[in-house]
Structures are given as C-alpha cells and as structure tokens.
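Laboratory data are not the source of any read-out in this text; all were calculated from the coordinates shown. Not measured: the values here are computed from a predicted model. Every residue, glycine among them, receives a Cβ derived from its backbone with ideal geometry; neighbour counts consider all protein chains shown.
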Amino acid sequence: MFDNTYFKNAKKYWYNGKFYAWSDPTLHPMSHALHYGSSVFEGIRSYVTPKGPAIFRLPEHLDRFLISAQVAKMEIPYGAAEIGQAIKLTLQENRLQAAYIRPLLFYSYGNLGLVPMHSPEELLIAVWEFSVFPRDKKNKGISAYIVPWRRIHHRQLDMRAKLGGLYILSAINAVAAREHDYDEALFLNLEGNVAEGPGANIFIVKNGQLKTNERSESILEGITRTTLLEMARDSGLRTKVGPITRKELFEADEAFFSGTAVEITPIVLVADGSEAGQEAKVFTIGQGRVGEVTRRLAEDYQAACCGLLPHYHKWLTYVEDPAARPVPAYPFR
C-alpha cells in the first residue's frame, strides 16, 4: 500500500487503459525499467483558465514523447490522440485542474536481459499537485551549485529525448547540491560551458539581452525554453542562443532556470564547485535579487499558461469543451 503524502491530491492513476487507486500496486519488482531505467517520460502541466482547466502545449509534449520512444527503440501501444485523451480523463478522474502530469512509457515484466526482447512496453499516466520550489523561494530566488560531474555530451546521445535512465545523473547531483546547502545543481558540459540544471534549462540576462544555449551545448531543448524565447521576441526583448561561459553566468545581471516543473525560477547566487576537491567560489548574480526581466517574463508566462493572453491561446488544450462552461466573473491573475 502506498500513501500520497508527496503526491498531493493524487487519487488514481491510468495504467494500460484502466484506472487504479493510488495505493494499489501494479508493477512486478522484476520489471525491466526498474533495473535498467528503460523508460521515457514527459513532464506536462495543466492550469486553471477562465474557460476551465487547460493543458499547456500538450501537442508539443506528445510529439517529444513519441520522439523519446523512437530514440529508446520503444513502440508506444497508443497514438498521440489516445494519450492526450487519457491525460484529460486522468485529470477529470482525480478532479484536478492545476496539476503536474507524468506520462511514463516503460519496459515492464518479461525478461531481465539488457535487451528487453520479452518485456512489453506499457504506459502509465499520473497527475498530482506539485511544485519543485515553494513560492517564497521562487519569489526571492534560489542558489545553484555547479557540480564537478559533467552533463552527458550531445555526441553520446540524441538530446531530444527524455530518457528515464539518464536522470540518475540528475538525481545524484541534485542531492549533492543540497548536501552542500544549495538549492539546486547546475551542470557544465564537456567543453566547460554552462549546460543546464538537473531538470531545467538556464537563461541569463545581460544589458537587456536574454540568452540561452542550444542542444549542441548538451542540453534538452525544453518546451518552456522555446516558449520563453518566442514570448521574449514578441515583447521586443533582444534574444540570443549560443554557448554560455561560466564568466558570462557569474557576470550576468539576471539568471533563471526554466522548465515545466520549475516554470521560471530565478537564480540569485551561484557557487562554482566544478573542480572536485577545491572549495567552491561563490558569486552573486546581479544585485542578488530577482531582476525585472525575469520577473516580467515569469508574470507573462504564468498569464499565458492561465489563458489570460489571447495571443497565446494557441498553446492551450482544454480538458473540457470551453463552449460548455460559463466564464467566471472573478479575475484569475
């Protein structure tokens, strides 16, 4: 039996076409993915909007889910439309509107050789209320610790894919950062440039210009990252995509993580622990507080997710038919 202490308001999960109570176990301990990390996943969010709950950029997430499965040599037993519908049903079954959504495709019970010849691909979808950092942390900004271990290189793997087994590197270093009393880890790539966080891309702001890096810098090209680049350009903000050196990060006016889970989380302090065995040198980012560009982007991003910016309604997939719901009279912002 499992409780939902760390999965707020999760009641049921969708597994191979059926709903199960959250506390019901369904997986065999000899499932292939449990031993080898042979899985792919997505992190998606739904938000409360004036027209009812809506999933942010669902088609883009499902496209990447399919790409991840292809990279992992896995066959998905459902089409994108079926998965999208299952996600909507799971939100409704749990009576959740604003939620974190986790589709997971994995090799299940069969054989335990490295090649899962007899282990079927199975699909699970779970939803719950989740935030990586509490609101006060996001309002004040967090600290980041540059870890000595480098991010996996873009020549070793197709970096478009979200592969379950790959995230053990993220988990180890996220724990390490917290052991050093910092809020989050930050990876360099093999070239020594800034890559990304354990589960988030990074942006910096210098002299009014927004900058992030690209897949060749050993990052996952996040959907939130793409969203922010488009929104920044639409607002007239200068943007640049290219390598980010440590010096650029340390001397930036502002910095923040971006991702579905973290949304926009400002970084106000960075400790450089990239040389193992040496004491980390600490750098304050800008004025040591959340900058105006970061704050404005965070507000606009939240407004877009919540359906308050008509130009970005194209990114919303409503869980229910909006035409069937009355528009509330109270403000959402």
> Okay, helix-only estimate at 222 nm for the chain: each DSSP H run of n ≥ 4 adds -39500 (n - 2.57), divide by all residues, round to 500 deg cm²/dmol; what do you get?
Replying inline: -7500 deg cm²/dmol
> Where the eigenvalues come from the Cα gyration tensor of region 63-128, what are the semi-axes √(5λ) of the equivalent ellipsoid, largest first, in whole Å?
Replying inline: 26, 13, 9
> Across every pair of different alpha-carbon atoms, what Kirkwood hydrodynamic radius in Å does region 12-128 reach?
Replying inline: 14.8
> Can you work out the FRET efficiency for the pair Lys247 and Gln287, with r the C-beta to C-beta distance and R0 = 25 Å, to the nearest 0.05?
Replying inline: 0.85
> For the chain, what is the convex hull (Cα atoms) projected area averaged across all directions, in square nanometres?
Replying inline: 17.6
> Given region 97-179, what whole percent of its Cα pairs are spread farther than 20 Å?
Replying inline: 60
> Among the listed pairs Lys240/Lys314; Lys140/Lys314; Lys73/Lys211; Lys88/Lys140; Lys18/Lys51, which are separated by more than 26 Å between their Cα atoms?
Replying inline: Lys140/Lys314; Lys73/Lys211; Lys88/Lys140; Lys18/Lys51
>> Students often check this: by mean Cβ neighbours within 10 Å, which of 292-300, 192-200, 310-318 ranks highest, and how do the rest follow?
In response: 192-200, 292-300, 310-318
> Say each of His118 and His180 gets a label point 7 Å from the Cα, pointing the same way as Cα to Cβ; how far apart are those two points in nm?
Replying inline: 4.6
> What percent does the relative contact order of region 135-305 come to when contacts are Cα pairs within less than 8 Å and at least six residues apart?
Replying inline: 26
> How big, in percent, is the set of alpha carbon pairs in region 135-305 lying more than 29 Å apart?
Replying inline: 12
